[in-house]
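The values are calculated or read from the model by the stated rules, or taken from the named source; none is laboratory data. Owing to the predicted nature of the structure, the values given are computational and were not obtained by experimental measurement. A quick note on method: Cβ atoms are made from the backbone with ideal geometry, for glycine too, and the neighbour counts reach across all protein chains shown. These accessible areas exclude ligands, DNA and RNA; they are computed on the full protein's heavy atoms, side chains included. Shrake-Rupley method; radii C 1.70, N 1.55, O 1.52, S 1.80 Å.
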Amino acid sequence: MADDHAALARGMSVGSRIGGASTVVTLVSVAHAFSHAYGALLPLIVPFFRTDLELTYTQLGLIFSLSNLVWSPLQLGFGVLGRYCSRKLILGIGHVCQGMSMIGTSLVHGFGDLLSWRIIGRIADAPQHPIGNALIAQGFRADRRGLALAINAAGSNLGTVVVPLLGGFLIATLGWRSTLILFGLPGIIIGILLLIVLEEHRGHTQQSQAATNLGAELWALLRHRDALLLLTSHVIGAGGRGLGVATIYIPLYLSQSLHVNEVQLGILLTIMMAGSVIGPLIAGPLSDRLGRKPVLLGDYAIACLCFAGLLSVGGSSWTLPLVLTATGIAVYSEGAIMQTALADVADKTSMEMLFGLYFTVGAAIGAPWAFLLGALVDGYGFAAAFAAMAASQVLAALVLIPVRLRQTVHTAPAHL
């Protein structure tokens, strides 16, 4: 199978009609930012679903639970589909449909309407991670890949940072239905640009790809020592990272234990999320120069120190914004570097499947971690939960140590 992978790799390339690889990373990153922007906008509108649509909390929980259950495994499914179909077509149509789902959501009048549009939106969003990351990774040589994927990660986080302020203003001035339409229209335009501007060249070896035994290839990926260690490290480290853990328990700690008020909480969370934009842009290029593993290990160590720092500073301390900035940088940098490391160990033909597996497993594991940490807070307080979050980073680092990653060869700077 390795020979088939090598042959296919030679027959594949990604580019654009205008601007080359820089346009690829720009378009995919902007599309990624809107995917996250939609996710950040909906929590601002949920209260209106409750009042205007007269939905119960149980109905709202069911809507978001079912839509997320559909979304998680489809990331692997689209990763597989990307090996057979045009990836720019999958990603472009996905964003057109995602924008239309936001407009459709603006027209809902009840439970059934909202559930249908949320499921459509999550299906449309599922290709973003496996397909978008593969397009970027295959558009850049190894010594520039860290920066490219870091830009993609920072772009998505920027969408999360900007939306609460912009979305809140638009909802207050125009209403929630008009705000959904205004957010949905650019998504449709971005999808059309992806379809028109991106170029994907697949050689004749692609024609024989359909004959590949997907089960055998997936099994080979799971048996790939370094890929499996990276995935395991990511799963363990998820106990202190991401939207399902850090952005739930850090705000709760600030409000419940440090007793910061609503205005202070909003400012402090904006500071932390600003770190989520800065972090990947620092860690990505650094990993191109120093290697993925040293940067990942350093990131795990900084995250541990940040969790300890949050427990030691007070709500009125001037050091709290500094600790939160470092926390945002640490807990949101790992994803971009881990994805780059996976791209380095994968053959080009396996990237979509490996990214799909990475995001599917990550999404599935986030829920148990969130539950476990919640139980720790209930039983033993935030100190126990933060200790568990720090321990997860230590264990993730220990799993990462045996990984053998090839060193990137730093050559003359190339334009993105």
*Scan segment 137-146 for residues that are surrounded by fewer than 24 Cβ atoms within 10 Å (Cβ to Cβ) and touching a Leu at 6+ places or on another chain (Cβ under 9 Å) and jot them down.*
PHE140, ARG144
*Within segment 1-16, identify whether any single residue is at pLDDT below 85 and in a loop (DSSP other than H, G, I, E, B), and answer yes or no.*
yes
_Of all residues being open to solvent by less than 30 Å² (accessible area, probe 1.4 Å) and modelled with pLDDT of 75 or more in segment 213-233, which is farthest from TYR332 (Cα to Cα)? Just the residue, please._
ASP226
*Whichever residue in segment 332-369 is among the acidic types (Asp, Glu) and at pLDDT 75 or above and, among such residues, is nearest to PRO402 (Cα to Cα)*: ASP344
*Can you run down the residue pairs with Cβ atoms below 8 Å, 6 or more apart or on separate chains, where the first is in segment 264-287 and surrounded by 16 or more Cβ atoms within 10 Å (Cβ to Cβ) and the partner is of a type in the set (D, E, K, R)?*
ALA283/ASP299
*Is it true that some residue in segment 101-110 is among the hydrophobic types (A, V, I, L, M, F, W, C), buried (at least 22 other Cβ atoms within 10 Å of the Cβ) and modelled with pLDDT of 80 or more?*
yes
*Return only the number of the condition from (1) open to solvent by 40 Å² or more (accessible area, probe 1.4 Å); (2) over 17 Å from GLY191 (Cβ atoms); (3) at pLDDT 75 or above that PRO43 does not satisfy.*
(3)
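Matching residues to (1) farther than 21 Å from ALA363 by Cβ; (2) in contact with a Phe, Trp or Tyr (Cβ under 9 Å, 6 or more places away or on another chain):
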{"site": "LEU228", "(1), (2)": "no, no"}
{"site": "THR232", "(1), (2)": "no, no"}
{"site": "VAL245", "(1), (2)": "no, yes"}
{"site": "GLN264", "(1), (2)": "yes, no"}
{"site": "LEU269", "(1), (2)": "yes, no"}
{"site": "ASP299", "(1), (2)": "no, no"}
{"site": "ILE337", "(1), (2)": "no, no"}
_Some residue of segment 116-126 being touching a Phe, Trp or Tyr at 6+ places or on another chain (Cβ under 6 Å), open to solvent by 20 Å² or more (accessible area, probe 1.4 Å) and at pLDDT 85 or above_ = yes
*Could you check GLY61 against (1) closer than 28 Å to ILE171 by Cα; (2) small (Gly, Ala, Ser); (3) at pLDDT 80 or above; (4) surrounded by fewer than 17 Cβ atoms within 10 Å (Cβ to Cβ) and say which number it fails?*
(3)
*Might you let me know whether segment 17-28 holds any residue that is buried (at least 20 other Cβ atoms within 10 Å of the Cβ), at pLDDT below 80 and either in a helix (DSSP H, G or I) or in contact with a strand residue (DSSP E or B) (Cβ under 7 Å, 6 or more places away or on another chain) (or both)?*
yes
*Just name the residue that is farthest from ALA31 (Cα to Cα) out of those in segment 147-180 that are without any contact (Cβ under 8 Å) to a residue 40 or more places away in the chain and touching a Leu at 6+ places or on another chain (Cβ under 8 Å).*
LEU174
